[in-house]
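The values are calculated or read from the model by the stated rules, or taken from the named source; none is laboratory data. From a predicted model like this one, the values you see are computed outputs, not experimental measurements. Because the Cβ atoms are built from the backbone with ideal geometry, glycine has one as well, and the counts that use them run over all protein chains shown.
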Amino acid sequence: MGKSITYKILAKHLRSGKLVPGQEIGITIDQTLTQDATGTMAYLQFEAMGIPKVKTELSVSYVDHNTLQQGFENADDHRYLQSVAGRYGIYFSRPGNGICHQVHLERFGKPGKTLLGSDSHTPTGGGIGMLAIGAGGLDVAVAMGGGEFFIIAPNVVKVELTGKLRPWVSAKDVILHILGIISTKGNVNTVLEYSGEGVATLSVPERATITNMGAETGVTTSIFPSDAVTRQFLAAQGRRDDWKKMTADADAEYSRVISVNLSAVEPMAATPHSPGNVVTVKSLAGKKVDQVAIGSCTNSSLKDLMIAGKLLEGKRVHDNISLIVAPGSRQVFSMIAKNGTLKSLIDAGARIMESACGFCIGLGQAPQTGAVSLRTSNRNFEGRSGTASAGVYLVSPETAALAAIAGEFVDPLSMPSGEFPGIMLPKKFTVDDSMIIPPLPNPEAIQIVRGPNIGQPPANTPLSNDLSGVAGIKVADKITTDHIMPAGSRLKYRSNIKKYAEFVFESVDPDFSAAAAKIRDEGKAVFIVAGESYGQGSSREHAALCPMFLGVKAVLAKSFERIHAANLVNFGIVPLAFADPRDYDRIEKGDELEIRDITGSLDKDILIGDKTKNINITLRASLSRRQREIVIAGGLLNYTNAKASGTGKA
Ligand code: MIC
Ligand code: SF4
């Protein structure tokens, strides 16, 4: 039986375990990336490991999330990150150089390599034929130290592309169409692998839009073949030698096949408040719009901005619309400045932002009360825009630009096909890496700069054998890590866990943090009770680290998303799934809960006693042996230290 691209790359990088779907494997990571919002913790943890220099082929630290710098905190983080990069042999992409995923695709990604990033949209690299996976910062720190990265060997789903996109239909519509098929839940431990004759019709940035937003389905990653189109893209970036052909064997085995006829894909939109709420743009035509934002790591490539520029050329933004444009990288910014796109956008009334995440993470450009905001980004979770009452619709640059002119949704397919501005990618991109500081020749001389915002990550204690405490909160299905740890104006506290922990579940239950701290201070455990797909979205490990700080010892949920479940384990919180999901209904907030001999029963059914209701409920941990040892040790750092000093059971 032949191999998929995914299994070819996994086989080359396998360090431990059996390459059988469903089994835990350890793989070698060739490249890592971090961004500033998750990076500070990752590097503090890396420093704690005492390794003199990163052991990867390439590690890059990007500053792209917290670039607004209201107050000293973000600037402190940036200086810390720059000095740590210099000290440990890491490339440093300075603020202003662009969004990590866009820049990595342009300047560093290589077909056939593995990339681990402390950001859930790391799969953008799949557009160039890399196996690119998002993870918590601690896992990335371990990989930088040369440690294995552990995942469940995935099921590979083949997405067979036929046909060719029609004018006015774009890559964003393809991934929204796929989200309409497989939704945002139930896809853990899966890879979406693209194949078929339609692949060759898509450019690398279009493929990257698709793999980027594949993250919203909850899959481990998505990957495209590396072909002549990839070679041309790399050559245009001056990186012809980085190309390598990557294709699946003709008889490769897949767990499922999804067929998508590109010629039949329609312009789509994800409606509030989930990327999985997908409808056709046609069904929204005529709906009034208040804000349009073009950018983010999903749709901020040269082509995306040129389409918007062409559509807006000689036109004016509608009087009721605020149009925001944020180029994905300094390369894109500089090229649109030279080719006239920037002038068209400015003349049309666009508000130009820096090359950064910005509006996508709720840092600025919060829309008005009750607004309809059209964005080319990938997440429309409630409140993420900074305005709780706003409804965010996720659309293509084409749909966004047409709405900016008309002041309402316009079905792009209602436009004459002859008016579609076909954009060709240039034979050569403008390459200027001067905002990327390469590893320095004398790293020992670098002093690490720590401002008052840089706090050490809190330590955890080993798991007690008997856990007795209180259900501190009960939440519904599809709770995202944005619900658990808000970003936006709270982002600046990412390096200060004590302060950031004050905002755990802020939008769901503003009293949770203080109440949990009280339970913790009484010496009791805090439990979280949750529904399906707990921990969707961002990779932010703060969604485990801050609850850990508040004394959370276990999360009882109907199901978990991959990255968050791994983060819980890394910080010594036990993820427990209800054996019978109906038991979720039997526990209430405030119930007194007790688990006896938890350390001895992690590999069996676990009984939790609800002393308030006088009932017992069965839960399961579904952890590998390694993960069981980690939670018992109180988290990955304790486990690794114990192993290193030879005192651990491991
Ligand atoms: C996001 O898009 O939610 C983020 C902000 O990029 C996160 C990372 C973070 O929370 O810092 C992600 O996607 O992992
Ligand atoms: Fe940045 Fe938004 Fe992309 Fe996250 S999804 S990396 S916040 S642009």
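Odds and ends about this structure:
- Reported count of residues in segment 293-334, each being under 19 Å from the mean Cα position of the chain (by Cα) and β-branched (Val, Ile, Thr), is 2.
- Within segment 466-511, considering residues that are aliphatic (A, V, I, L, M), under 20 Å from Cys360 (Cα atoms) and outside any helix (DSSP H, G or I), the one nearest to ligand 2 (Cβ to nearest atom): Ala487
- One residue alone among Lys245, Lys185 is farther than 22 Å from Gly276 by Cα and in contact (Cβ under 8 Å) with a residue 60 or more places away in the chain, and that residue is Lys245.
- Scanning segment 15-32 for residues that are under 11 Å from Thr114 (Cα atoms) and assigned to a strand (DSSP E or B) yields Ile27, Gln31, Thr32.
- Hits in segment 321-351 - residues which are within 16 Å of ligand 2 (Cβ to nearest atom) and part of a strand (DSSP E or B): Ile324, Val325, Ser329
- Those strands (runs of 3 or more DSSP E) lying entirely in segment 557-650 with at least 1 residues hydrophobic (A, V, I, L, M, F, W, C) and farther than 29 Å from Val219 by Cα: 592-595, 605-610, 615-620
- Taken together, Val156, Val169 contain a single residue that is touching a residue at least 24 places away in the same chain (Cβ under 8 Å) and part of a strand (DSSP E or B), which is Val156.
- Among the candidates Ile90, Ile99, Ile133, the residue that is more than 16 Å from ligand 2 (Cβ to nearest atom), buried (at least 24 other Cβ atoms within 10 Å of the Cβ) and among the aliphatic types (A, V, I, L, M) is uniquely Ile90.
- Near pairs, Cβ below 6 angstrom, 6+ apart or cross-chain, from segment 475-500 (closer than 16 Å to Asp76 by Cα and in contact (Cβ under 8 Å) with a residue 12 or more places away in the chain) to any residue that is within 16 Å of ligand 2 (Cβ to nearest atom) and of a type in the set (A, V, I, L, M): Leu491/Ala37; Arg494/Ala37
- The numbered conditions (1) among the hydrophobic types (A, V, I, L, M, F, W, C); (2) within 19 Å of Ile497 (Cβ to Cβ); (3) surrounded by fewer than 22 Cβ atoms within 10 Å (Cβ to Cβ) are all true for Leu58 except (2).
- Inter-residue pairs, beta-carbon under 8 Å, first in contact (Cβ under 8 Å) with a residue 12 or more places away in the chain and in segment 610-635, second part of a loop (DSSP other than H, G, I, E, B) and among the β-branched types (Val, Ile, Thr), 6+ apart: Asp610/Ile587; Lys613/Ile587; Ile617/Ile587; Val631/Ile573; Ile632/Thr599; Gly634/Thr461
- Inclusion of Ala252 among residues that are surrounded by 19 or more Cβ atoms within 10 Å (Cβ to Cβ) and within 19 Å of Thr190 (Cα to Cα) is warranted.
- Residue among Val84, Val60, Val103 that is part of a helix (DSSP H, G or I) and within 16 Å of Asp433 (Cβ to Cβ): Val103
- Complete set of residues in segment 109-132 that are assigned to a strand (DSSP E or B) and touching a helix residue (DSSP H, G or I) at 6+ places or on another chain (Cβ under 6 Å): Thr114, Leu115, Leu116, Leu131, Ala132
- Search result, residues across segment 282-320 that are part of a loop (DSSP other than H, G, I, E, B), of a type in the set (Asp, Glu), in contact (Cβ under 8 Å) with a residue 60 or more places away in the chain and within 19 Å of Gly422 (Cα to Cα): none
- Leading residue by the ranking (farthest from Ser414 (Cα to Cα)) among those in segment 148-191 that are of a type in the set (Ser, Thr, Tyr) and touching a strand residue (DSSP E or B) at 6+ places or on another chain (Cβ under 8 Å): Thr190
- Counted residues, segment 46-66 - those being modelled with pLDDT of 95 or more and either on the phi > 0 side of the Ramachandran plot or within 16 Å of ligand 1 (Cβ to nearest atom) (or both): 6
- Segment 361-379 - residue that is out of contact with any strand residue (DSSP E or B) (no Cβ under 7 Å at 6 or more places or on another chain) and in contact (Cβ under 8 Å) with a residue 24 or more places away in the chain and, of those, nearest to ligand 2 (Cβ to nearest atom): Ile361
- Condition check for Leu138: surrounded by 24 or more Cβ atoms within 10 Å (Cβ to Cβ) and either more than 25 Å from Val54 (Cα to Cα) or touching a Leu at 6+ places or on another chain (Cβ under 6 Å) (or both): yes
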